[in-house]
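To keep things clear, I will list the structure first and then write my remarks on it.
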Amino acid sequence: MSDPQSHPSAHGRRVRKSLHFYPGEKQLLWIVGGEVEIRAEAWGGENPKPNEVDPVMKPRRTTPGTFIIHTYAPYRTKTWAWSNVRWGTPIKPGPNNTVLYLNLATRAWMTMKDRHGNEFTQDEVLKAHWGNYGKTAFPTTWQLNDFGPFSIRYFKDKNHDGKLDGDERLSGEMIHTTPENEAQALQGDDKVKLGSSHGCIHVKPRDREFFKQAGAFRRGTKFVIHRYEEVIPPQWR
Amino acid sequence: MAMIGRSVFLSTLFACALGGSAGHARPPAAPVAKTSIPNGMLVSLGGNDLLVWNRDGQAQVLRGGTSWQPETRLPLASVRQVRVQGSRVLAVGFDAEREPVALQLTAALAPDAQWKLPQEWFEIGEGATSPWLLSEKGSLALSPNGVLGARAALPAPSGAKSSSGTLYGYRSESGVVACQGEDKTLANAASAWCASQGSAAWQLEGRFRDPLVCGAFLVLRTQQAQKTEVAVHALASGAVVAKALVAGRPQLACNEGREIVIGTTVIEAKSLPGLEPAWKVKAKGPVAAMAVLDDWIAYQKSGSDQVQLVARPKPSAK
């Protein structure tokens, strides 16, 4: 099997490639043959401030270590109410201020609700959509998934075989954009203001595409998350 | 303009008196009125007049519980909220330029005042004698002649952070009670809260939604799997005075400040503050929207183009 962390160059030689995140310096680097090919701003998690309460999940610093990129795909989770449905899923107003989404498997319109059964209201969706995009019409697709259109999942390769197997699990931390940043990106890349995460790695929408096109999110790519104290070495500055 | 269905026919509804309903008359058979606005929002306009509206601005008034007026269009490109404040009908929404606007409407739904609003997400405040709105930046009085009045800070729990939850405000002589819904986003996740102001200020946090002030009480509902907890709090202290579990996800409405009307597959009233059962009638399907009129409870079933009217027993005086 070929080494997924290296790729043939134009001269036929295999070139080592790896992705590096320096959370203290808020930078994500795509290293090809020892050189920085892409450098982008990226924000990790921060521990909660004193008296800061999060009713769902306590924020934390992004976990350091060496990981393997696994998937680049839309993400959904019941943990976060607005991430229960994939980005881009068709939605429409339902009866009495409810919101319906199209279940793509069954082609049935379902009521959007959180894990406690609380139905989403059109008002809260309209308010968030207006806040992000300044649009007053009810959106036709779901654009409030907290993880943006795509998430990049990775795992700790305990047995060093490059595959997700045995007792290995995908990390709950992942690389993704946010709905606010997706909306800001439509106004221009310079309008995108990244913020701290709960432990994930936030990137700008355009940068996510650059890294993807460069192959940085290909399955099997080596991904190093450095400690917050670590600084980028001189050769990569 | 669309032709209006005017058919009104009789439908027999099961009605039963429950414990605590002594003195209530059994509800008589009720009319069913067909509207051209399915899945609308229902608002009592006072007396037996009912407004059905939707976000596209379609609106229709049922006069006296029997006669539909011609369908009309509220002069907003997008309607967000319609509420009756005293004798006024207030609407907030956006104009054709997507600018936020508040309108005061006559009972015939003709605009008689308009306010251009700042770029904020406003909700219509309740309970005041003069019209007011609220946003995350505070309350905003609507003065006559389209003039924006004074701003004032809203009560909020200490340390409350910016939230995407929708706001609710109720103003009485003793001050304002404000509530904000849960922020469901990962970035700003926050519990719902209600808070009052003044010397006996109180605050509540939880997963509750759709606050409703009814008489001297604040009614909050919290979803618990297939049931909803309805909690009655004293408006003066915030203290819980009664709780009840209701099947499904009910619609709630206030009946003369003395009863909470709960709409599920039945419509039942519970007396305040103890939530003792008062009366109950069977609904013709799951209640999706509901409004209390003088003599009727109006409701719409999910997806239906019919507004059902159930005779409303009067709450017994205490």
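Any idea which of A:W87, A:W109, A:W82 is within 14 Å of another protein chain (Cβ to nearest Cβ), part of a strand (DSSP E or B) and at pLDDT 85 or above?
Step by step, each of A:W87, A:W109, A:W82 is checked, and only A:W109 is within 14 Å of another protein chain (Cβ to nearest Cβ), part of a strand (DSSP E or B) and at pLDDT 85 or above.
If I filter segment A:199-217 down to residues being part of a helix (DSSP H, G or I) and in contact (Cβ under 8 Å) with a residue 24 or more places away in the chain, which single residue comes out as surrounded by the most Cβ atoms within 10 Å (Cβ to Cβ)? Spell out how you get there, then give the answer.
Here is the first cut: in segment A:199-217, the ones part of a helix (DSSP H, G or I) are A:205-214.
Filter once more, keeping what is in contact (Cβ under 8 Å) with a residue 24 or more places away in the chain: A:205, A:207-208, A:210-212, A:214.
Details: A:P205: 21, A:D207: 22, A:R208: 28, A:F210: 16, A:F211: 24, A:K212: 14, A:A214: 15.
Checking each candidate, the answer is A:R208.
Among the numbered criteria (1) surrounded by fewer than 19 Cβ atoms within 10 Å (Cβ to Cβ); (2) modelled with pLDDT of 95 or more; (3) over 30 Å from B:G93 (Cβ atoms); (4) not acidic (D, E), which single criterion is violated by A:L186?
(3)
Could we say that A:D123 is away from chain B (no Cβ under 11 Å) and surrounded by fewer than 22 Cβ atoms within 10 Å (Cβ to Cβ) here?
Values: away from chain B (no Cβ under 11 Å): no; surrounded by fewer than 22 Cβ atoms within 10 Å (Cβ to Cβ): yes.
No.
Restricting attention to segment A:126-146, and to residues there that are within 10 Å of chain B (Cβ to nearest Cβ) and surrounded by fewer than 19 Cβ atoms within 10 Å (Cβ to Cβ), which single residue is nearest to A:L19 (Cα to Cα)?
The extreme case among them is A:G131.
Please state which of the following conditions B:N255 fails to meet, knowing it meets all the rest: (1) under 22 Å from B:S302 (Cβ atoms); (2) surrounded by 20 or more Cβ atoms within 10 Å (Cβ to Cβ).
(1)
Out of B:E126, B:E120, B:E97, B:E136, report the one residue that is under 23 Å from B:A234 (Cβ atoms) and not basic (K, R).
B:E126
Does B:K270 satisfy the condition of being at pLDDT below 90, on the phi < 0 side of the Ramachandran plot and touching a strand residue (DSSP E or B) at 6+ places or on another chain (Cβ under 6 Å)?
No: the conditions fail for B:K270.
Does B:C194 satisfy the criteria of being more than 14 Å from chain A (Cβ to nearest Cβ) and either within 20 Å of A:E180 (Cβ to Cβ) or crowded, with 23+ Cβ neighbours inside 10 Å (or both)?
Criteria met by B:C194.
Looking at B:A231, B:A242, B:A195, B:A178, which one is part of a strand (DSSP E or B), touching a Leu at 6+ places or on another chain (Cβ under 6 Å), small (G, A, S) and touching a residue at least 40 places away in the same chain (Cβ under 8 Å)? Outline the logic, then answer.
Values: B:A231 fails: touching a residue at least 40 places away in the same chain (Cβ under 8 Å); B:A242 fails: touching a residue at least 40 places away in the same chain (Cβ under 8 Å); B:A195 fails: touching a Leu at 6+ places or on another chain (Cβ under 6 Å).
Within the list B:A231, B:A242, B:A195, B:A178, the selection yields B:A178.
Looking at (1) within 25 Å of B:V61 (Cα to Cα); (2) more than 14 Å from chain A (Cβ to nearest Cβ), can you tell me which one B:S271 breaks?
(1)
Filter segment B:219-254 for residues that are away from chain A (no Cβ under 14 Å) and either touching a Pro at 6+ places or on another chain (Cβ under 6 Å) or of a type in the set (S, T, Y) (or both) and give the result.
B:V232, B:S237, B:V241, B:A242
So how many residues does segment A:164-181 have that are in contact (Cβ under 8 Å) with a residue 12 or more places away in the chain and away from every other protein chain (no Cβ under 14 Å)?
Of the residues in segment A:164-181, the ones in contact (Cβ under 8 Å) with a residue 12 or more places away in the chain are A:164, A:168-181.
From what is left, the residues that are away from every other protein chain (no Cβ under 14 Å) are A:164, A:168-171, A:175.
Residues flagged as in contact (Cβ under 8 Å) with a residue 12 or more places away in the chain and away from every other protein chain (no Cβ under 14 Å) within segment A:164-181 amount to 6.
Give A:P149, A:P74, A:P64 a once-over and let me know the one that is touching a residue at least 24 places away in the same chain (Cβ under 8 Å), closer than 30 Å to B:V79 by Cα and more than 12 Å from chain B (Cβ to nearest Cβ). If you could, list the steps in order and put the result at the bottom.
Values: A:P74 fails: closer than 30 Å to B:V79 by Cα; A:P64 fails: closer than 30 Å to B:V79 by Cα.
Residue meeting the stated conditions: A:P149.
With the requirement that a residue be charged (D, E, K, R), without any contact (Cβ under 8 Å) to a residue 24 or more places away in the chain and assigned to a helix (DSSP H, G or I), what does segment A:182-196 give you?
Those that are charged (D, E, K, R), without any contact (Cβ under 8 Å) to a residue 24 or more places away in the chain and assigned to a helix (DSSP H, G or I): A:D189, A:D190, A:K191.
Being under 19 Å from B:T166 (Cα atoms) and of a type outside the set (A, V, I, L, M, F, W, C) is the filter here, so list the residues in segment B:100-130 that pass it. Talk me through it step by step, then tell me what you get.
Let us first name the residues in segment B:100-130 that are under 19 Å from B:T166 (Cα atoms), namely B:100-102, B:117-127.
Residues satisfying the conditions are B:P100, B:P118, B:Q119, B:E120, B:E123, B:G125, B:E126, B:G127.
Consider segment B:172-191. How many of its residues are crowded, with 23+ Cβ neighbours inside 10 Å and more than 14 Å from chain A (Cβ to nearest Cβ)?
3
Which of the following residues is away from every other protein chain (no Cβ under 14 Å), over 30 Å from A:S197 (Cβ atoms), touching a helix residue (DSSP H, G or I) at 6+ places or on another chain (Cβ under 7 Å) and not charged (D, E, K, R): B:W115, B:W132? Step through it out loud before you land on a result.
Values: B:W132 fails: touching a helix residue (DSSP H, G or I) at 6+ places or on another chain (Cβ under 7 Å).
Just one listed residue meets the conditions, B:W115.
From (1) of a type outside the set (D, E); (2) in contact with a Ser or Thr (Cβ under 8 Å, 6 or more places away or on another chain); (3) touching a residue at least 24 places away in the same chain (Cβ under 8 Å), pick out the condition that doesn't hold for B:L186.
All conditions pass for B:L186, except number (3).
Test A:A128 against the stated conditions and say whether it is out of contact with any strand residue (DSSP E or B) (no Cβ under 6 Å at 6 or more places or on another chain) and under 19 Å from B:S163 (Cα atoms).
Values: out of contact with any strand residue (DSSP E or B) (no Cβ under 6 Å at 6 or more places or on another chain): yes; under 19 Å from B:S163 (Cα atoms): yes.
So A:A128 fits the description; yes.
Residue check: is A:K49 under 23 Å from A:T106 (Cα atoms) and surrounded by fewer than 20 Cβ atoms within 10 Å (Cβ to Cβ)?
no
So which residues in segment B:267-294 are surrounded by 18 or more Cβ atoms within 10 Å (Cβ to Cβ) and among the acidic types (D, E), if there are any at all?
Of everything in segment B:267-294, just one residue is surrounded by 18 or more Cβ atoms within 10 Å (Cβ to Cβ) and among the acidic types (D, E), namely B:E268.
How about segment B:86-112: which of its residues are more than 14 Å from every other protein chain (Cβ to nearest Cβ), charged (D, E, K, R) and without any contact (Cβ under 8 Å) to a residue 24 or more places away in the chain?
B:D112
Does any residue of segment A:90-97 turn out to be farther than 19 Å from A:E180 by Cβ, touching an Asp or Glu at 6+ places or on another chain (Cβ under 6 Å), within 11 Å of another protein chain (Cβ to nearest Cβ) and at pLDDT below 95? Break it down into steps so the answer makes sense when it comes.
Residues of segment A:90-97 farther than 19 Å from A:E180 by Cβ: A:90, A:92-97.
If we keep only those that are touching an Asp or Glu at 6+ places or on another chain (Cβ under 6 Å) too, we end up with none.
So far as segment A:90-97 goes, no, none of its residues is farther than 19 Å from A:E180 by Cβ, touching an Asp or Glu at 6+ places or on another chain (Cβ under 6 Å), within 11 Å of another protein chain (Cβ to nearest Cβ) and at pLDDT below 95.
Residues are listed down the side, and each one gets a yes or a no for (1) of a type in the set (G, A, S); (2) in contact (Cβ under 8 Å) with a residue 24 or more places away in the chain; (3) assigned to a loop (DSSP other than H, G, I, E, B):
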residue: B:P273; (1), (2), (3): no, yes, yes
residue: B:G285; (1), (2), (3): yes, no, yes
residue: B:A288; (1), (2), (3): yes, yes, no
residue: B:Q300; (1), (2), (3): no, yes, no
residue: B:V307; (1), (2), (3): no, yes, no
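Could you list, in sequence order, the residues of segment B:49-104 that are closer than 16 Å to B:A291 by Cα, of a type in the set (D, E, K, R) and surrounded by 17 or more Cβ atoms within 10 Å (Cβ to Cβ)?
Hit for segment B:49-104 is B:D49, nothing else.
The values are calculated or read from the model by the stated rules, or taken from the named source; none is laboratory data. Remember, it's a predicted structure, so these values are computed and weren't measured experimentally. Counting neighbours? That spans all protein chains shown, and the Cβs are built from the backbone with ideal geometry, glycine included.
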